[in-house]
Amino acid sequence: MSSPCIMFDPSMIQNQPKLPKEFIWSKGSGYEPDSNNQQGNHDVLNEPLVDLEGFFRGDEEAIKQASESINKACMTHGFFQVTNHRVDSSLIRAAHDQMDGLFKLPMEKKLRVQKNKGEMCGYSGAHAHRFSKQLPWKETFSFGYNYVDNDDDQEGVIVSDYIKSSLGDEFEFAGWVYQRYCEAMKDLSLVIFELLGISLGVEKQHFRKFFEDGNSLLRCNSYPPCKEPSLTFGTGPHCDPTSLTILHQDLVGGLEVFANNKWQAVRPRLDAFVINIGDTFMAMCNGRYKSCLHRALVNKKRERRSLVFFVNPRKDKVVKPPQDLVDREEDTTMSRRYPDFKWPQLLEFTQMHYRADVTTLQSFFQWLPSSNLL
């Protein structure tokens, strides 16, 4: 349910004496902030740091070690970081730098490209176009990216064209940067999928081939300073409904993962990309790997920014685990843990009917028989 009265304008809302009630995550919701909801007050997650250099060299021993680290992390909490990823550091810096022009636009220009409920591309202030309470303390710009021209839906195929046409000629360079960034993220995602296949003991090209013509989304996030960070979230606790998330964050910090029955902070690294498993891939590996439960805190004094690339399969592909993985299940009565589905079905569910949380996948399968998309 949208909230027409809330407009998340950081230059105005930060000057209010109290946090607007729409941004307060209430007690009893199961997702309320705690008194330690500030950077520096939680344990640091000892997640694996996976070095990809050996993969690119074709070093079999290094590939084995990387896949074993990924396997352990994904069976525990679904989260790891990668270094030596061969994404040009100057491209990453440029992608961060171009966010200045986006988020410093006057509000009236942002609202010209504001997302409506059910839409994926454009501007969003605190997701107020979708929700009326427990709003996240953030602004986002999102751009669709299709790996190949694979259907009649052209939105987002050329990121540079979308940005220039929606924001103006002055954003031509920003569009070029984000187009190149999406292409780099596509290449990195296929490397990760190959390692995931190896780590699961299936044919190493299986997931790479499945996602090589996929549909993805690039999101720029801005988390402005907040006077009362203990009352709200930049992003509330949830698992991503997508397949794979590739995130690059600045050094402000705030990302946390729920592991070992507690929230643990992720130490930012400019030389690394954060990788986490989403619900769709959890279904694709028959529940072997966990969809990562995570959240983002806000800072009292500093703005935090991040770039997030959400990876998804092509719209017409059926999401199901490879048969040899199913055949290895010890409990034959539970050989298939999830029914088949297509990504647009889960996307429609999370955009129109359900706010993503830790039980999204289970709720989706209860809703699925009533879906008109079947």
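The values are calculated or read from the model by the stated rules, or taken from the named source; none is laboratory data. Please read these numbers as outputs of a predicted model, since none were measured by experiment. In this analysis, Cβ positions are derived from the backbone assuming ideal geometry, glycine residues included, and neighbour counts consider all displayed protein chains.
Reported count of residues in the range 89-105, each being over 21 Å from the mean Cα position of the chain (by Cα) and either assigned to a loop (DSSP other than H, G, I, E, B) or buried (at least 17 other Cβ atoms within 10 Å of the Cβ) (or both), is 2. For Arg336, the conditions (1) part of a loop (DSSP other than H, G, I, E, B); (2) modelled with pLDDT of 90 or more are fulfilled apart from (2). Identify all residues within the range 106-147 that are acidic (Asp, Glu) and outside any helix (DSSP H, G or I); write none if there are none. Across the range 106-147, the qualifying residues are Glu119, Glu139. Collect the residues in the range 264-289 that are surrounded by 21 or more Cβ atoms within 10 Å (Cβ to Cβ), outside any loop (DSSP other than H, G, I, E, B) and more than 16 Å from the chain's Cα centre (by Cα), keeping them in residue-number order. Those that are surrounded by 21 or more Cβ atoms within 10 Å (Cβ to Cβ), outside any loop (DSSP other than H, G, I, E, B) and more than 16 Å from the chain's Cα centre (by Cα): Ala283, Met284. Looking at Ser216, Ser230, Ser222, just one residue is crowded, with 19+ Cβ neighbours inside 10 Å and either part of a loop (DSSP other than H, G, I, E, B) or touching a Pro at 6+ places or on another chain (Cβ under 9 Å) (or both), and that residue is Ser222.
Name every residue in the range 199-213 that is buried (at least 21 other Cβ atoms within 10 Å of the Cβ) and either in a loop (DSSP other than H, G, I, E, B) or among the aliphatic types (A, V, I, L, M) (or both), in order of residue number. Listed by number, the list holds a single entry, Leu200. Whether a residue is assigned to a strand (DSSP E or B) and either free of Cβ contacts under 8 Å to residues at least 60 places away in the same chain or within 19 Å of the chain's Cα centre (by Cα) (or both) was assessed, and Leu190 does not pass this test.
Does Ala174 satisfy the criteria of being part of a helix (DSSP H, G or I), in contact (Cβ under 8 Å) with a residue 12 or more places away in the chain, of a type in the set (A, V, I, L, M) and surrounded by fewer than 19 Cβ atoms within 10 Å (Cβ to Cβ)? No, not satisfied. On inspection, Leu247 does not qualify as modelled with pLDDT under 95 and either touching a His at 6+ places or on another chain (Cβ under 6 Å) or outside any loop (DSSP other than H, G, I, E, B) (or both).
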